[in-house]
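Following: one structure in structure tokens, then a few remarks.
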Amino acid sequence: MFAVIRTGGKQYRVATEDVIKVEKVKGDPGEIVQFGEVLVVGGDDVTLGVPTVAGASVAAEVLEQGRGAKVIAFKKRRRKNSRRKRGHRQEFTLLRVTEILTDGAKPTVTARPKPERKPKPVLAASEDGDDTEESAAPKAKAAKKPAKAAAKKPAKAAAKKADKPKSAAKGKKK
């Protein structure tokens with residue numbers, strides 16, 4: 001069974017367990033969102049909507065909320081020293097279609113519970129006294145190496161210029 005839904009100004013042909021990338025839709029990862037704007041429901045018999053199929057909807061699980069690749073809009077007006085550079089990242093939602101519903105049915109698949117974060121276990125201090133002192137004190141950063149005294153080379157170019165006599169008005173005739 002498949003359906004054609006409209007969301008974000010675009011149309012998508014979807015089937016159960018399809019993963020699609022649509023324009024941003026409200027919902028946290030793991031939630032179930034429902035799309036009521038179904039244009040076509042197909043399978044053994046095809047139902048066309050006028051403009052939508054009455055009582056049909058598509059349920060999908062939000063997998064991820066993200067942002068696409070950066071698009072650069074660079075405008076330049078030649079010979080006017082005028083440039084404008086502007087970046088944009090379009091937001092999207094990654095969805096997995098869970099069910100295609102008809103006749104006003106409600107989604108049977110519920111949102112998956114969010115995984116609970118386990119607190120990091122606190123490292124138990126060992127019985128030896130010397131280990132706890134080391135772990136309690138932060139490690140000292142490696143000492144900076146002393147800067148090498150840069151031996152300055154004598155200015156050879158200046159000495160050569162002083163040795164050469166200056167020619168007056170090279171290439172010019174009086």
Worksheet, complete the sentence: Subset of region 66-107, residues assigned to a loop (DSSP other than H, G, I, E, B) and in contact with a Leu (Cβ under 9 Å, 6 or more places away or on another chain), comes to P107
Worksheet item: Would you pick out the residues in region 21-42 that are open to solvent by 40 Å² or more (accessible area, probe 1.4 Å), over 19 Å from K106 (Cβ atoms) and part of a strand (DSSP E or B)?
Response: K21, E23
Worksheet item: So which residues in region 2-19 are in contact with an Asp or Glu (Cβ under 8 Å, 6 or more places away or on another chain), assigned to a strand (DSSP E or B) and not polar (S, T, N, Q)?
Response: I5, R6, K10
Discussion item. Of the residues D45, D18, only one is open to solvent by 90 Å² or more (accessible area, probe 1.4 Å) and among the acidic types (D, E); which?
Written reply: D45
Worksheet item: If a residue has to be more than 25 Å from E31 (Cβ to Cβ) and either of a type in the set (F, W, Y) or touching a residue at least 24 places away in the same chain (Cβ under 8 Å) (or both) to count, how many in region 56-93 make the cut?
Response: 1
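The values are calculated or read from the model by the stated rules, or taken from the named source; none is laboratory data. Note that the structure is a prediction, hence the values are computed from the model and not measured. Virtual Cβ from ideal backbone geometry, glycine too; neighbours counted across all protein chains shown. Side chains included, ligands, DNA and RNA excluded: accessible areas come from the protein's heavy atoms. Shrake-Rupley method; radii C 1.70, N 1.55, O 1.52, S 1.80 Å.
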